[in-house]
Amino acid sequence: MRMYDIILKKRNGNALSKEEIEFFINGYVKGEIPDYQAAALCMAVYFQGMNEEETVALTYAMAQSGDTVDLSLFQNLSVDKHSTGGVGDKTTLIVAPIVASLGGKVAKMSGRGLGHTGGTVDKLESIPHLKVTMEREDFLRQVEEIGIAVIGQSGNLTPADKKLYALRDVTATVDSIPLITSSIMSKKLAAGSHSIVLDVKVGSGAFMKNYEDAYTLAQNMVAIGKSCGRKTSALLTDMDCPLGRAIGNSLEVIEAVEILKGKEKGDLYEVCVALATEMVVLLKDCTFDEAKKTVIDAIDSGKAYNKMREWVSSQGGDASYIEDTTLFEKPIFAVPVTAQEDGWISHMNAEAIGIASVILGAGRATKDAPIDYSAGIIMEKKTGDYVRSGEALATLYTNDESSVASAKERYLSSLTFSSQKPEKRTLIYDVIR
Ligand code: URA
């Protein structure tokens, strides 16, 4: 078999066989197939797509490309969640401690920022000293003892996705349904949880811009999860506007802490309650209303916040930053963005806002570029708010003064104003079980 022929076959719109897909994944992981050929195949898949059999074969080949985790020791209490990625999406930082405080075993592998979207691992690393790599025994021990551990894709778990994810990020091949399905589900299958809740984002800041594509992605992923004997469901949630108020690594950690302390409500709170509720439904086989009540109680009672502190300390992080978030380092520049007209904000291009935060230093321009954990954006006004000319829309945070003009321009051009009050945003579009 030759990689050239596989690329050509897909480029010409033909379906690849299971053997060809396995040849590609095995060869790429071993370093026998170079990045440029893998990138060419990803681009061919981006344009030509993959049928169901190809997507399943790709998912299995990626899941089996390295080690797998055995969570059978936690029986049916192990539960995982995964978001398809969005702007300001810090839901794992909130949902994981809620569910762990309710008896779930959250043994989770998370990713780094990808394209215009942030990643949980980068956010966690913004907490001083917190480690996102762990020996397997320590990882399992921590889950057993406190119900939660979140690490990066360390060791030899889905090495195929590790390589492909970084490659897709810099070759404009992220937003492809078969590539996202196989990336996410290979990790979820290898990570071993009994129950899986997928948060499929829809809208301008998501990889899936429209409802139909997001629905197809969700259905594909739920079907693959179920076919492997995992309890799997998906929520289709809004990403037509960034989630919450903060974008950027430590800024998002601070906002997550505020939610867990019960100090902040709004869209982020609603989406987190819905995701945590679905995880509890799968775990405990209870009704949605019963599960929701326990989730809200975990926040109101401080149980979930205490679990976050315990989690941060267990991973070596300095929990005093969680207790007092003013300790997080502040960037040198804090630049206000003000409205240039009166009106209702009728739309925000969340992807453009994500790119503005990457420009400020919160994300990576290339796959090995460093990140500025303190950089990002705090939004004062969002879709549905009324603003007067001269009023603050957002504050941009950065240590790189030269990034400000271009980030500001992107931010302003991402907003659409209207003289009419827009309809209230829908936050949860659908649940697929
Ligand atoms: N998240 C993933 O884990 N993989 C993708 O391809 C996109 C989002």
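The values are calculated or read from the model by the stated rules, or taken from the named source; none is laboratory data. The structure presented is a predicted model; accordingly, all values stated were derived computationally and were not measured. All Cβ positions, even for glycine, are placed from backbone atoms using ideal geometry, and neighbour counts span all protein chains on display. Note: areas computed on protein heavy atoms with side chains; ligands, DNA, RNA excluded. Shrake-Rupley method; radii C 1.70, N 1.55, O 1.52, S 1.80 Å.
Couple of notes before you dig in:
- Lone unmet requirement of (1) under 27 Å from A100 (Cα atoms); (2) open to solvent by 10 Å² or more (accessible area, probe 1.4 Å); (3) without any contact (Cβ under 8 Å) to a residue 60 or more places away in the chain for M221: (2)
- Region 343-371 - residue that is free of Cβ contacts under 8 Å to residues at least 60 places away in the same chain and assigned to a loop (DSSP other than H, G, I, E, B) and, of those, surrounded by the most Cβ atoms within 10 Å (Cβ to Cβ): G361
- Considering residues of region 188-201 that are open to solvent by 10 Å² or more (accessible area, probe 1.4 Å) and in contact with a Leu (Cβ under 9 Å, 6 or more places away or on another chain) only, the residue farthest from the ligand (Cβ to nearest atom): H194
Conditions (1) touching a residue at least 24 places away in the same chain (Cβ under 8 Å); (2) surrounded by 22 or more Cβ atoms within 10 Å (Cβ to Cβ); (3) more than 14 Å from the ligand (Cβ to nearest atom), marked per residue:
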{"residue": "V95", "(1), (2), (3)": "yes, yes, yes"}
{"residue": "G113", "(1), (2), (3)": "yes, yes, no"}
{"residue": "G118", "(1), (2), (3)": "yes, yes, no"}
{"residue": "D138", "(1), (2), (3)": "no, no, yes"}
{"residue": "G147", "(1), (2), (3)": "yes, yes, yes"}
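- Qualifying residues in region 79-125 (those that are of a type in the set (S, T, N, Q) and more than 19 Å from T158 (Cα to Cα)) - the one modelled with the lowest pLDDT: T117
- Residue among S101, S110 that is within 20 Å of G354 (Cβ to Cβ) and of a type in the set (S, T, N, Q): S110
- Top-ranked residue in region 170-187 [being within 11 Å of the ligand (Cβ to nearest atom) and more than 14 Å from the chain's Cα centre (by Cα); ranked as farthest from G115 (Cα to Cα)]: S186
- If you filter region 45-83 down to residues that are more than 16 Å from the ligand (Cβ to nearest atom), of a type in the set (G, A, S) and open to solvent by 10 Å² or more (accessible area, probe 1.4 Å), you find that the one that is nearest to R11 (Cα to Cα) is A57.
- The condition of being closer than 21 Å to S357 by Cα and within 13 Å of the ligand (Cβ to nearest atom) does not hold for T158.
- Extreme residue, surrounded by the fewest Cβ atoms within 10 Å (Cβ to Cβ), among residues of region 224-270 that are without any contact (Cβ under 8 Å) to a residue 24 or more places away in the chain and among the small types (G, A, S): G229
- Matching option when the condition is out of contact with any Ser or Thr (no Cβ under 8 Å at 6 or more places or on another chain), of a type in the set (A, V, I, L, M) and not assigned by TED's automatic domain parsing to the domain that holds E20, among V87, V132, V95, V79: V95
- None of I184, I196 is of a type outside the set (D, E) and farther than 17 Å from S65 by Cα except I196.
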